[in-house]
Amino acid sequence: MSELYDVTIIGGGTTGLYTAFYSGMREMKTKVIEYQPDLGGKVSFFYPEKKIYDVGGFLGVLGDDLVADVKEQALSVQPTFVMGQKVGAIDKQEDGTFVLTSLTGEKHFSKTVVVASGLGTYDMRPLDVEGSHLYEGKHIHYTIQNLMQYTGQKAVVISENRVGVDWALALEDVASAVHLVNRGSEFKAVYENDVEKLKQSGVHVHMEAQVEQLEGTGVELAGVVLTNGEYIQTDHLLVYEGLQIDKSLYDQWGLATEKGRIPVGTDMATSIEGVFVAGDAAIFPSKTMLIASGFNEAMAAVNSAKSFIDPKAKSQVYSTVIYKHLE
Ligand SMILES: Cc1cc2nc3c(=O)[nH]c(=O)nc-3n(C[C@H](O)[C@H](O)[C@H](O)COP(=O)(O)OP(=O)(O)OC[C@H]3O[C@@H](n4cnc5c(N)ncnc54)[C@H](O)[C@@H]3O)c2cc1C
């Protein structure tokens with residue numbers, strides 16, 4: 001752990017993984033530190049079974065498959081992965097290098113840092129209905145890890161967010177019945193065509209309603225009663241009632257922030273020299289919070305880190321020149 005790395009990437013989402021690949025391609029010794037036990041960030045967490053259409057080169061790719069591909073690409077340059085650690089502090093030493101300290105006390109040493117930690121760490125907000133703990137795991141779920149497990153089953157999605165709309169539309173392909181329960185009068189953060197798809201779909205939408213009561217044996221769930229009195233028979237409840245996000249760390253790391261994210265220019269440099277940012281963590285005019293944007297920003301951040309370490313290094317390279325060993 002006392003080894004000095006050229007680049008340490010905070011976050012192993014799609015941006016962090018691609019940053020690791022690009023950093024290795026630029027022949028820098030690279031480490032990735034990820035808080036969750038698994039790589040993939042939001043894609044793995046929220047929509048591993050959703051098809052993604054807006055990443056160049058893929059006419060629809062499953063979240064899980066995309067993560068597997070980006071992970072394989074990262075592994076090809078052999079970065080070091082540290083899982084299950086949350087970076088709590090970044091301190092610059094007198095010699096200009098950084099010490100990153102995890103909340104559990106481990107220390108990591110690096111010449112540069114790329115922050116690819118999205119909006120921070122997140123945990124799902126649990127369903128606040130009496131007895132819900134009895135059904136968690138078997139009948140109540142907070143992510144869709146395996147869409148096929150719902151084949152022929154009845155499902156109720158509880159959400160007022162785009163995540164719930166995504167889940168309901170994905171479930172419709174396999175489940176025998178899908179209900180979507182929204183406590184609000186509209187869906188938040190959805191794309192127009194998602195709402196249109198929802199209208200065209202067979203998903204039963206219940207607006208301005210909440211699950212009030214769970215019906216079942218205490219082991220097997222049978223159905224739910226809504227606040228409007230409706231009873232829905234169901235085998236599974238899929239809950240997305242928002243996240244408990246801890247995004248306070250950027251301030252604690254001493255970085256300038258804007259709306260909880262890190263403002264940057266085109267070189268992805270932050271307010272601390274030697275610390276760069278990419279992906280959802282970054283904010284700049286016209287920023288899009290999309291996977292492909294993270295890939296592009298990763299290259300810029302790595303090229304800046306390379307120039308920071310070696311000012312004579314080329315500002316960018318072509319993969320065909322550097323990456324000969326794959327041919
Ligand atoms: C429901 C939904 C659907 C979406 N659909 C699409 C789509 O179709 N197409 C598209 O392009 N984009 C889509 N997006 C957006 C896309 O998911 C994000 O832009 C992308 O995942 C951002 O990747 P990232 O690696 O920058 O951040 P994240 O995926 O958030 O990864 C950040 C990682 O950093 C870790 N981390 C955070 N803080 C620390 C710390 N202190 N120490 C260690 N680790 C830390 C987190 O655990 C996480 O794994 C969607 C988003 C959502 C929520």
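Here are some notes:
- Across the range 56-75, a minimum of one residue is classified as open to solvent by 20 Å² or more (accessible area, probe 1.4 Å), in a loop (DSSP other than H, G, I, E, B) and in contact (Cβ under 8 Å) with a residue 12 or more places away in the chain.
- Filtered residues of the range 253-295 (kept if under 19 Å from the mean Cα position of the chain (by Cα) and either away from the ligand (no atom under 15 Å from the Cβ) or part of a loop (DSSP other than H, G, I, E, B) (or both)): LYS259, GLY260, ALA278, LYS287, THR288, MET289, LEU290
- Test: residue in the range 4-20 that is open to solvent by 10 Å² or more (accessible area, probe 1.4 Å), of a type in the set (Phe, Trp, Tyr) and in contact (Cβ under 8 Å) with a residue 24 or more places away in the chain: yes
- Being touching a residue at least 24 places away in the same chain (Cβ under 8 Å) and within 21 Å of TRP167 (Cα to Cα) is not true of ARG26.
- Where strands (runs of 3 or more DSSP E) fall wholly inside the range 100-184, the ranges with 3 or more residues that are touching a His at 6+ places or on another chain (Cβ under 8 Å) and crowded, with 24+ Cβ neighbours inside 10 Å are 154-158, 177-182.
- Where a residue in the range 197-209 is in contact (Cβ under 8 Å) with a residue 12 or more places away in the chain and charged (D, E, K, R) and its partner, wherever it lies, is crowded, with 17+ Cβ neighbours inside 10 Å and part of a strand (DSSP E or B), with Cβ under 8 Å and at least six apart: GLU208/ASN182
- Residue, nearest to LEU100 (Cα to Cα), within the range 31-54, restricted to residues that are near the ligand (Cβ under 8 Å from one of its atoms), of a type in the set (A, V, I, L, M) and open to solvent by less than 10 Å² (accessible area, probe 1.4 Å): ILE33
- Test: residue in the range 104-118 that is touching a Lys or Arg at 6+ places or on another chain (Cβ under 6 Å), more than 14 Å from the ligand (Cβ to nearest atom) and touching a residue at least 12 places away in the same chain (Cβ under 8 Å): no
The values are calculated or read from the model by the stated rules, or taken from the named source; none is laboratory data. Remember, predicted model here, so these are calculated numbers, not experimental data. Here the Cβ is made from the backbone with ideal geometry for all residues, glycine too, and neighbour counts use every protein chain on show. The protein model used for the area step is the full one, side chains on, heavy atoms only, and it has no ligands, DNA or RNA in it. Shrake-Rupley method; radii C 1.70, N 1.55, O 1.52, S 1.80 Å.
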